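The values are calculated or read from the model by the stated rules, or taken from the named source; none is laboratory data. Keep in mind that what you see is a predicted model, and the values were worked out from it rather than measured. Note that each Cβ is placed from the backbone with ideal geometry, even for glycine, and that neighbours are counted across all protein chains shown.
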Amino acid sequence: MPCPCIFVTRMTNSFSIPRGTSDILPLATPLWSQIELKARDILSIYGYSEIRTPIYEDINLFKRSMGQTSDVVNKQLLEVMSNPTWIAMTPQEAKHYQDQGVLKGYDPAKSVGLVNESAYALRPEGTASVVRSYVENRMDARESLSKLFYIGPMFRGERPQKGRLRQFHQIGIEAIGVDSGSPYLDAEVIGIGVRLLQEFGLSGFKVKINSLGTKDDKENFSRILRERLKSKLSHLCEDCVSRFERNVFRVLDCKNTDCQKIVDSLEFDDQHLSAESRAYFNQVKESVASLSIACEYSPKLVRGLDYYTHTVFEFEGGGALGSQDALGAGGRYNGLVQELGGPAADAVGLALGIERILLSLGPKEISGKALNAFMVALGETAYKRAFVIVDFLRKSGISCDMAHKPGGSMKSQMRQADKKGAGYVLILGEDEEKSHSVVVKNMSTGDQELVGWDEVVDFLGRKVK
Ligand code: AMP
């Protein structure tokens, strides 16, 4: 039995992965690469180009775009530490800095405050960053419609559970342009989401759709919602009571069973929409249908972020995901570009969660790519020669490996070749060293022949290509 003190020492010297994050290990990376490659292929077919933005941004970018009352901003932003500095300030100035959220401390006796003027946060989603970049790089001056996509990690300080992580990955698209408020573009974006999910191998997911309308329609919607909920306020959970005032739409997403029952009992339709917004939404639905996509009108689908206007949609998984069943979501966000200092550009986008897609696909084994050849070297002199031959083979594009040091037996090296699924084994021992050749063994037929060092690259090249 091992001494417990050794165990304790090892524990204190070891580190664990942060909660809510995961290692994507070599057995899983081929599947991730496949998803990413497929996404890139399909998105280029639809005319989208990749954009890569930093993983952290000015915290106010997220506050301004997603809204102070959204859970993502309110509770889940992961702030990036920068160095706060003490500066002299009056109580009024301290209040001003506090309102801006940059005051980290205040000492009234000395009239100094600790201010973190450069406050950053890890990006909780991609839209705000892409719009920031669109505006900053004046993309509108170059093209009337920018079709952009991103693939990368997002960060939210959530309570981790199945399908809900603190670092997760999204494939997202954004179509931004002045005068791009076309229902056909909304339909195209929904169509892209469906196509991507299908290409990844998913079926049986639902497309849910709703319209929030313009800013005024949204106001209308929240007023109607408040009216309907007012008499039920005492039955709502504590969070929803405060949501009622701050962002009543969030009540519709509450996971509390009592709140859900109340929400289920409410009846809604599109009465908050103006005639123009209703016509726009009808055209979106008609265009989605013309792409042979069935979607479910869900008048309670609102999405909790400030920037959404008009169309909002969600791809709901077929049950494998439990309570976290959204595979992806998106919508139109007219007005955000202007809100962030850009031109009057309209926009629509979506984001799919890669972890949720993989969970939905279920356990999948993708075997790593098998090696073309494995070199077995017997003895140190042969190993030195084999080391160089392997280098030649690799430089000519033949995947090849060998033991990382001399001295292994024939049996142990053959076992390694087998484990790596090598198509051919090259054997270089004392006899082959003398005859300047290697034995090349075809591992599926068992056939073998002697091939000169000068010819082995061409010989194997012909066999494996
Ligand atoms: P959202 O930006 O919240 O609309 O999320 C878009 C998609 O990203 C969701 O439908 C999920 O598939 C995925 N997603 C969002 N938050 C998480 C999370 N915390 N963990 C894993 N996936 C997430």
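Descriptive notes on the structure:
- Of residues in the stretch 120-146 being farther than 27 Å from Met81 by Cβ and small (Gly, Ala, Ser), the one surrounded by the fewest Cβ atoms within 10 Å (Cβ to Cβ): Ala141
- Selected residue (criterion: surrounded by the most Cβ atoms within 10 Å (Cβ to Cβ)) from residues of the stretch 16-30 that are touching a residue at least 12 places away in the same chain (Cβ under 8 Å) and closer than 18 Å to Met154 by Cα: Gly20
- Tally, over the stretch 151-168, of residues that are within 8 Å of the ligand (Cβ to nearest atom), touching a strand residue (DSSP E or B) at 6+ places or on another chain (Cβ under 7 Å) and assigned to a strand (DSSP E or B): 2
- Which listed residue is modelled with pLDDT under 90, at positive phi and surrounded by fewer than 16 Cβ atoms within 10 Å (Cβ to Cβ), from Gly47, Gly101: Gly101
- Which listed residue, of Gln283, Gln198, is within 26 Å of the chain's Cα centre (by Cα) and in a helix (DSSP H, G or I): Gln198
- Criterion violated by Glu355 - all others in (1) farther than 30 Å from Gly317 by Cα; (2) buried (at least 16 other Cβ atoms within 10 Å of the Cβ); (3) not hydrophobic (A, V, I, L, M, F, W, C) satisfied: (1)
- Residue in the stretch 173-180 that is modelled with pLDDT of 95 or more and within 14 Å of the ligand (Cβ to nearest atom) present: yes
- Test: residue in the stretch 109-119 that is in contact (Cβ under 8 Å) with a residue 40 or more places away in the chain, under 27 Å from Gly328 (Cα atoms) and buried (at least 19 other Cβ atoms within 10 Å of the Cβ): no
- Residue within the stretch 434-442 that is free of Cβ contacts under 8 Å to residues at least 12 places away in the same chain and over 30 Å from Phe315 (Cα atoms) present: yes
- Strands (runs of 3 or more DSSP E) fully within the stretch 31-138 counting 1 or more residues that are away from the ligand (no atom under 15 Å from the Cβ) and more than 26 Å from Met154 (Cβ to Cβ): 85-88, 103-107, 112-115
- Filtered residues of the stretch 299-342 (kept if in contact (Cβ under 8 Å) with a residue 60 or more places away in the chain, away from the ligand (no atom under 12 Å from the Cβ), within 19 Å of Ser182 (Cα to Cα) and out of contact with any Ser or Thr (no Cβ under 8 Å at 6 or more places or on another chain)): Val337
- Some residue of the stretch 178-194 being on the phi < 0 side of the Ramachandran plot and in a strand (DSSP E or B): yes
- Looking only at residues in the stretch 424-465 that are charged (D, E, K, R) and buried (at least 17 other Cβ atoms within 10 Å of the Cβ), the one that is nearest to the chain's Cα centre (by Cα) is Lys441.
- Qualifying residue in the stretch 296-319 (condition: in the same structural domain as Ala39 (by TED's automatic domain parsing), over 27 Å from Leu361 (Cβ atoms) and surrounded by fewer than 15 Cβ atoms within 10 Å (Cβ to Cβ)): yes
- Residue count for the stretch 227-245 under the criterion of being under 19 Å from Gly304 (Cα atoms), out of contact with any Cys (no Cβ under 9 Å at 6 or more places or on another chain) and either buried (at least 18 other Cβ atoms within 10 Å of the Cβ) or among the small types (Gly, Ala, Ser) (or both): the result is 2.
- Qualifying residue in the stretch 357-368 (condition: touching a Ser or Thr at 6+ places or on another chain (Cβ under 8 Å), within 14 Å of the ligand (Cβ to nearest atom) and over 22 Å from Asn74 (Cα atoms)): no
- Filtering the stretch 336-352 to residues that are crowded, with 24+ Cβ neighbours inside 10 Å and in a helix (DSSP H, G or I) leaves Leu336, Val337.
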